[in-house]
Amino acid sequence: MDCESQAPSFGTIRKWLGRIGIYELQRKKEYRNDWIFIVDFTIELGKKKALVILGVPQEDLMNKILNKQGGLSHNDVEVLSLEIMDSTKGEIIQNKLEELTKKVGVPLQIVADNGSDLARGIRLYKESHPEVIYTHDVTHAMALLLKYQLQSDDRYQSFIQKCNICRQRLQQTELSFLSPPAQRSQCRYFNIERLTNWGIKILNSSEESLIKLIQNSEPSLIYPKIIEKLGWLVEYESDLIQWNQMVVMTRSLETQLKHEGISYEVIDSFQKYKLVFVNTSLQNLQNNIFEYLTKQCEKLKDKGTFLASSDVIESIFGKYKQFSARCPFKEMGHMLLTICLSTMNLNADIIKIALETISSTQVEEWLSEVFGQSTLSKRKTLF
């Protein structure tokens, strides 16, 4: 028998991954008093959502920050809980947090975005555990500040509308490489940096550099076409500089908090480099950033350095969606267990223990209990 015929099939490997994922999900986690919970939902089509709670001990976070290793990586956190929910009411989230607390202890801190259901659930949980620090994730907080600043700005709204029109007009032409970046349908204020950078780059590009990129073109014909399609950007030049300054302000704080954590020292650092702006919009944004920072730091009660960002969970969700995109139907199921796999330091010993502990039957039972019959299975039964 040749080596190729001995290779395990896709289905076999998929079952192995499921068994390892279930092992990690059900593995008993350490009970301690310095857990930091990172909480968020991942959403697929249909009414079900997955509540994912990652954990990292503050001790580990502090060691990483002190050693200048930057933000958290996937292997720095553990999946403490993965719950499939039909409803995301605050009371249900509170119950899930209480159930986890019985298993691993009361967390020192919870980091999450400020989504209404999630925020309500955490606030209800804090009524029983007032000592827990709830930190509004800095990435979402800065995006919200930009949103509040720009959603009422008629100039910015007209700019993004023209970006959409420009993209449509360029996409089937030889100038398609000059198109504005595609805008996100959700969380569109995460998009600002890409759009402003694009606009500034186009305005700063010389006529010669643009024409060189268009092969077999007649300069006398192509440059007027560039002006026709992109000349409208000139009227937004000063706006783009201002919007870019806003982005730089928010990104600077995000970068600092993601690498150094959040502590009282951050306020001192912010005040030290605080600028005086003549522009009212920039001054207002800086004041709002300082207000956010002050509010988050007041909760710390000088207990050290804490986590400021939930980026690690967003990154893990992104990895999961790469796997789930290969499924024939966009629904949660077996591939959700890849979230657990993403955080594991896999080696031969762990894989051996996981496969000896969890059987394929246990995986199927878990899937049946949590999800019921899948969409694909229903279609196979019907058709």
Open item on the list: Which of the numbered conditions does L124 fail, given that it passes all the others? Conditions: (1) touching a strand residue (DSSP E or B) at 6+ places or on another chain (Cβ under 8 Å); (2) more than 17 Å from N33 (Cβ to Cβ); (3) surrounded by fewer than 19 Cβ atoms within 10 Å (Cβ to Cβ); (4) at pLDDT 95 or above.
Closed with: (1)
Task: Candidate set: segment 189-205, residues that are surrounded by 12 or more Cβ atoms within 10 Å (Cβ to Cβ) and out of contact with any Leu (no Cβ under 8 Å at 6 or more places or on another chain); chosen: the one nearest to K147 (Cα to Cα) - done: F190
Open item on the list: Could you go through segment 27-34 and let me know if any residue there is open to solvent by less than 60 Å² (accessible area, probe 1.4 Å) and without any contact (Cβ under 8 Å) to a residue 60 or more places away in the chain.
Closed with: no
- [ ] Please identify the pairs in which a residue from segment 300-321 that is more than 13 Å from T338 (Cα to Cα) has its Cβ atom under 9 Å from the Cβ atom of a residue that is aromatic (F, W, Y), counting only partners at least 6 apart or on another chain.
- [x] L300/Y264; L300/F306; D302/Y264
Open item on the list: Which count do you get for residues in segment 206-224 that are within 10 Å of E174 (Cβ to Cβ) and either of a type in the set (D, E, K, R) or in a helix (DSSP H, G or I) (or both)?
Closed with: 1
Task: Filter result for V138 (surrounded by 15 or more Cβ atoms within 10 Å (Cβ to Cβ) and touching a His at 6+ places or on another chain (Cβ under 8 Å)) - done: no
TODO: With respect to Q109, determine if the residue is more than 20 Å from G90 (Cβ to Cβ) and either under 23 Å from the mean Cα position of the chain (by Cα) or polar (S, T, N, Q) (or both).
DONE: no
- [ ] List the number of the failed condition for D239; all other conditions in (1) surrounded by 12 or more Cβ atoms within 10 Å (Cβ to Cβ); (2) closer than 30 Å to S309 by Cβ; (3) at pLDDT below 90 hold.
- [x] (3)
TODO: With the condition kept exactly as written, say whether any residue in segment 136-146 is closer than 19 Å to K301 by Cα, within 22 Å of the chain's Cα centre (by Cα) and not acidic (D, E).
DONE: yes
- [ ] Within segment 283-312, track down each residue that is in a loop (DSSP other than H, G, I, E, B) and open to solvent by less than 40 Å² (accessible area, probe 1.4 Å).
- [x] L300, G304, T305, L307, A308, S309, S310
Open item on the list: Can you go through E218, E208, E260 and tell me which one is open to solvent by 80 Å² or more (accessible area, probe 1.4 Å), modelled with pLDDT under 90 and either closer than 30 Å to L307 by Cα or among the polar types (S, T, N, Q) (or both)?
Closed with: E260
- [ ] Restricting attention to segment 78-100, report how many residues are modelled with pLDDT of 90 or more, surrounded by 17 or more Cβ atoms within 10 Å (Cβ to Cβ) and of a type outside the set (A, V, I, L, M, F, W, C).
- [x] 5
Open item on the list: Looking only at helices (runs of 4 or more DSSP H) that lie completely in segment 321-383, which have at least 1 residues being modelled with pLDDT under 70?
Closed with: 360-371, 375-382
- [ ] State all residues of segment 93-115 that are of a type in the set (D, E, K, R) and touching a helix residue (DSSP H, G or I) at 6+ places or on another chain (Cβ under 6 Å); if no residue qualifies, say none.
- [x] D113
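The values are calculated or read from the model by the stated rules, or taken from the named source; none is laboratory data. Because the structure is predicted, anything quoted here is derived from the model rather than measured. Backbone-built Cβ (ideal geometry, glycine too); neighbour counts: all protein chains shown. With ligands, DNA and RNA removed, areas are computed over all heavy atoms of the protein, side chains included. Shrake-Rupley method; radii C 1.70, N 1.55, O 1.52, S 1.80 Å.
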